[in-house]
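Encoded as structure tokens, the structure appears first; notes follow it.
The values are calculated or read from the model by the stated rules, or taken from the named source; none is laboratory data. For clarity, every value in this text was computed on a predicted model and none was experimentally measured. We place every Cβ from the backbone using ideal geometry, glycine too, and count neighbours over all the protein chains shown.
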Amino acid sequence: MAFDDLQQINRWHILFDELCVRAGFHDAASLAARYCEVAGNGAQKEHDTTLRNLNNWRSGRHIPRLRSLRILEQVLGIRDDPALLEHWTALYRQANETGEDSPADIPRAAAPHEAAPARSARWAAALPNLPTIAGAVLVFGLGIAIGSVWASGWRPWGGPADDAPVVVYRPEVFMTVGQSKIIHAERGDCGRLPRDWQDVASDLPGPALGTFSDGGLAQRNSVFCKGRTPARAIVFNAERPGIEEFRIQGDHLKVTVKAADQ
């Protein structure tokens, strides 16, 4: 597939899947092996985790973190083609802003009552004391659902990020030496708390004009989450004047720092 054809792809996971095929990785196992080789992960457990992640990324269920994205770029040779890298990054940023790709793109298996309504009816007629059984199943199901929600960290009441500031992505940032400002925020899964600062910091670039620090809990608006969701604020501490450009989670930022006496 020529680059002109690749430009017609408007979803990151579809482009990723096409590039995998074009690079000869027709199955996730061979891609996982190469990914682990580049990442320096040789353990079987790491390979299994990578295999699961790759399947999720290629199907559009999830998008990778920035560190994983960089490894994929190396494995697939994307950085050798500036035009392709630009298109790849733009689609990743789009997917990251909206969260995971739409679940509607993932084929859904037909429910048993849709596939065979007559058979379901016969089974229902044959079951003794159906209301009692249905009640027990309902209680059991509610118990599982409540346990899953509790384990996820989501709560129907207020959370620690409810009063946190809302961070809006702005591609250009203007600062003076000695100033610190929130310039970005990494969100967690919908309704869940974001990663710890140490994990977020490990994926950040090394700026030349200053340093990054933890801005604490924040919020970001997410189309996929249909509203605000907790995030980890990223603070830039300006130390030297100049102009610098870098990317955070696929988002391009241009930071202009002027001297304090200007």
Filter the range 243-262 down to the residues that are touching a strand residue (DSSP E or B) at 6+ places or on another chain (Cβ under 6 Å) and more than 28 Å from His87 (Cα to Cα), then identify the one that is surrounded by the fewest Cβ atoms within 10 Å (Cβ to Cβ). Ala260
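Here is a check on your reading of the model: is Arg195 in contact with a strand residue (DSSP E or B) (Cβ under 8 Å, 6 or more places away or on another chain), among the charged types (D, E, K, R), touching a residue at least 40 places away in the same chain (Cβ under 8 Å) and within 28 Å of His87 (Cβ to Cβ)?
On the way: in contact with a strand residue (DSSP E or B) (Cβ under 8 Å, 6 or more places away or on another chain): yes; among the charged types (D, E, K, R): yes; touching a residue at least 40 places away in the same chain (Cβ under 8 Å): no; within 28 Å of His87 (Cβ to Cβ): yes.
Spelling it out, it is not the case that Arg195 is in contact with a strand residue (DSSP E or B) (Cβ under 8 Å, 6 or more places away or on another chain), among the charged types (D, E, K, R), touching a residue at least 40 places away in the same chain (Cβ under 8 Å) and within 28 Å of His87 (Cβ to Cβ).
Can you find a residue that is in a helix (DSSP H, G or I) and in contact with a Phe, Trp or Tyr (Cβ under 8 Å, 6 or more places away or on another chain) anywhere in the range 30-42?
Yes - at least one qualifying residue is present in the range 30-42.
Say we look at the range 169-186 and pick out the residues that are outside any loop (DSSP other than H, G, I, E, B) and not hydrophobic (A, V, I, L, M, F, W, C); which of these is farthest from Lys254 (Cα to Cα)? Working first, answer last.
First, the residues of the range 169-186 that are outside any loop (DSSP other than H, G, I, E, B): 172-176, 180-186.
Those left that are additionally not hydrophobic (A, V, I, L, M, F, W, C): 172, 176, 180-181, 184, 186.
On the way: Glu172: 5, Thr176: 14, Ser180: 15, Lys181: 14, His184: 12, Glu186: 18 Å.
Top of the filtered list is Glu186.
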Looking at Phe212, Phe236, which is the one that is under 26 Å from Ala39 (Cβ atoms) and aromatic (Phe, Trp, Tyr)? Phe212
Which one of the conditions (1) part of a helix (DSSP H, G or I); (2) touching a helix residue (DSSP H, G or I) at 6+ places or on another chain (Cβ under 6 Å); (3) without any contact (Cβ under 8 Å) to a residue 60 or more places away in the chain does Asp5 fail to meet, given that it meets all the rest? (2)
Take the range 187-235 and flag every residue that is among the small types (Gly, Ala, Ser), at pLDDT 90 or above, in a strand (DSSP E or B) and surrounded by fewer than 18 Cβ atoms within 10 Å (Cβ to Cβ). Ser213, Gly216
Does Ile71 fit the bill of being assigned to a helix (DSSP H, G or I), closer than 25 Å to His184 by Cα and among the aliphatic types (A, V, I, L, M)? yes
Across the range 26-49, the tally of residues that are closer than 10 Å to Val75 by Cα and touching a residue at least 24 places away in the same chain (Cβ under 8 Å) stands at 5
Among the residues of the range 55-77, what is the count of those that are modelled with pLDDT of 90 or more and of a type in the set (A, V, I, L, M, F, W, C)? 5
